[in-house]
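Chemist: Here it is, the structure, as structure tokens.
The values are calculated or read from the model by the stated rules, or taken from the named source; none is laboratory data. These numbers were taken from a predicted model, which means no experiment stands behind them. Don't worry about glycine lacking a Cβ; one is built from the backbone with ideal geometry, like all the others, and counts go over all protein chains shown. In case anyone asks, the SASA skips ligands and DNA or RNA and just uses the protein heavy atoms, side chains included. Shrake-Rupley method; radii C 1.70, N 1.55, O 1.52, S 1.80 Å.
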Amino acid sequence: MSHFRFRCTECGVFYEESKTRLTCTACAVAQQPGGVLRGVLEVVLDQLPAAWPAAHVASPEFLQAFLPVPSTEFLPAISVGGTPLLAVPHLRRAFGMTNLWVKDDTRNPSGSTKDRASLLVVAKALEYGCETIAAASTGNAATALAAIAAAAGVRAIVFVPATAPEAKLVQMQSYGAVVMPVEGTYDQAFELCLEACREFGWYNRNTALNPFTIEGKKTAALEIAAALTPDEPDAVLVPTGDGVILAGVAKGFADLKRCGILRRTPRLIAVQPEGSAAIVNALRSGAETITPVRHAASVADSLTVETPRNALQCLRVVRASQGAGITVSDSAILRAIADLARLTGVFAEPAGATALAGLRAALEEKLVGRD
Ligand SMILES: [Zn+2]
């Protein structure tokens, strides 16, 4: 890796790397407690590879070339990413699409794409000498942190709504995480975790607030682009809650364009459940910011959020990509779980299958072409 700095995604000011810096000082002045995050920082590497490294996409050497880690020694010894981009012939036939791929991130160690963010955050915590890492989560980010922390031998403390699915609670406890069930929403768990990190000096993995969460998730985009070479993706549908996976995917493609590996970046389509659609509502109305959804609810528990923390950056990157937003009903999500399983062999939780439900809706609205 080369040297890197943080850049504010709102005002563009640069900051030197620091383990305690989370957001831009100037923009965070406008921060409302519980509101969308102001002054979210992105990682800007001084140097990116000019061509695909020879190493496998999930190898420590590949990760070191694209991520802000000084050496491979701090990367936890657990295999994250390198998941297949499936050609899905039966799904293609069912949808009448000849160039459709499914990125199967269920193959990550804890079962979700959140492992990508946790890998980098835990690597940075090890580099900084932090032994306790905390996160608030609807479930998957906490499970991912618990898994990667277990591999690295550091302590994870996770704040999750007490209503999180029992299977996820069992899984994060099995990895040895300290689980704090919060009698409240994910939004309240986020605030509680923030206060606890301030009080006790824990390293904060809260999504978007920690710039390495977005940076870690960019590896999904790197892998998509690498798998399609010499072709380039036209559009990517991303299940969206807080907007961090989408921002991470956008960052990956932006880095590849910056270093000349990609000629253009794909259109990004944010897919949200109807009952938790603050970002898509803003995309559709043209609003500059989001209006929180009161009593957000969906069968896709991992996407259910009243105030998407990374909304501002998410709106910017979707619009910059000439992309769009789309909402799907809970029944469409449940149908997509069955379609995906039956036609591809991939069994996804509701949040993952939301992407396929979104594709069906996007075809109907002609937001994507069948070619
Ligand atoms: Zn700023």
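Chemist: Quick one: which of Lys168/Lys257; Lys19/Lys103; Lys103/Lys168 span more than 30 angstrom between C-alpha atoms?
Modeler: Values: Lys168/Lys257 37 Å; Lys19/Lys103 32 Å; Lys103/Lys168 22 Å.
Result: Lys168/Lys257; Lys19/Lys103 exceed 30 Å.
Chemist: Of the residues Ser298, Ser174, Ser118, which exhibits the maximal mean-square fluctuation in a Gaussian network model of the chain defined by a 10 Å Cα contact cut-off?
Modeler: Answer for the Gaussian network model of the chain: Ser174.
Chemist: Moving on to the next point. Give a quick list of GluC sites (Glu not before Pro) in segment 205-314 that DSSP marks as loop, anything other than H, G, I, E or B, with at most 15 other Cβ atoms within 10 Å.
Modeler: When the GluC sites (Glu not before Pro) of segment 205-314 are filtered for loop state and at most 15 Cβ neighbours within 10 Å, Glu288 remain.
Chemist: Need one word for the chain: rounded, prolate or oblate. Basis is the Cα gyration tensor (sqrt eigenvalues a ≥ b ≥ c); a/c below 1.5 gives rounded, then a/b vs b/c decides.
Modeler: Values: a/c = 1.32, a/b = 1.15, b/c = 1.14.
It comes out rounded by the Cα gyration axes.
Chemist: Quick one: longest stretch of the chain between exposed loop trypsin sites (Lys or Arg not before Pro), exposed meaning at most 16 other C-beta atoms within 10 Å and loop per DSSP?
Modeler: On the way: sites that count: Lys19, Arg21, Arg263, Arg264, Arg294, Lys366, Arg370.
By the stated rule (loop sites, at most 16 other Cβ atoms within 10 Å), 22-262.
Chemist: Report, in whole Å, the centroid distance computed from the Cα atoms of segment 149-199 and segment 88-109.
Modeler: Each part reduced to its Cα centre gives a spacing of 32 Å.
Chemist: So, one more: Return the sequence-ordered ³J(HN,Hα) values of segment 195-203 in whole Hz as given by the Karplus equation 6.51 cos²θ - 1.76 cosθ + 1.60 applied to θ = phi - 60°, using x for Gly and Pro.
Modeler: So the J values, rounded to whole Hz, are 5, 5, 5, 4, 5, 9, x, 6, 7.
Chemist: Related question: Please calculate the 1.4 Å probe accessible area of Asp104, with all protein chains present, and give it to the nearest 10 Å².
Modeler: Asp104 has an accessible surface of roughly 10 Å² with all protein chains in place.
Chemist: Further question on the same structure: If one computes the Cα centroid of segment 20-59 and of segment 273-337, what distance in Å separates the two points?
Modeler: 21 Å
Chemist: Let me ask something else. Under the rule of at least 5 residues apart or a separate chain, name every residue whose amide H is placed under 5 Å from the amide H of Arg267.
Modeler: The answer is Ala235, Val236.
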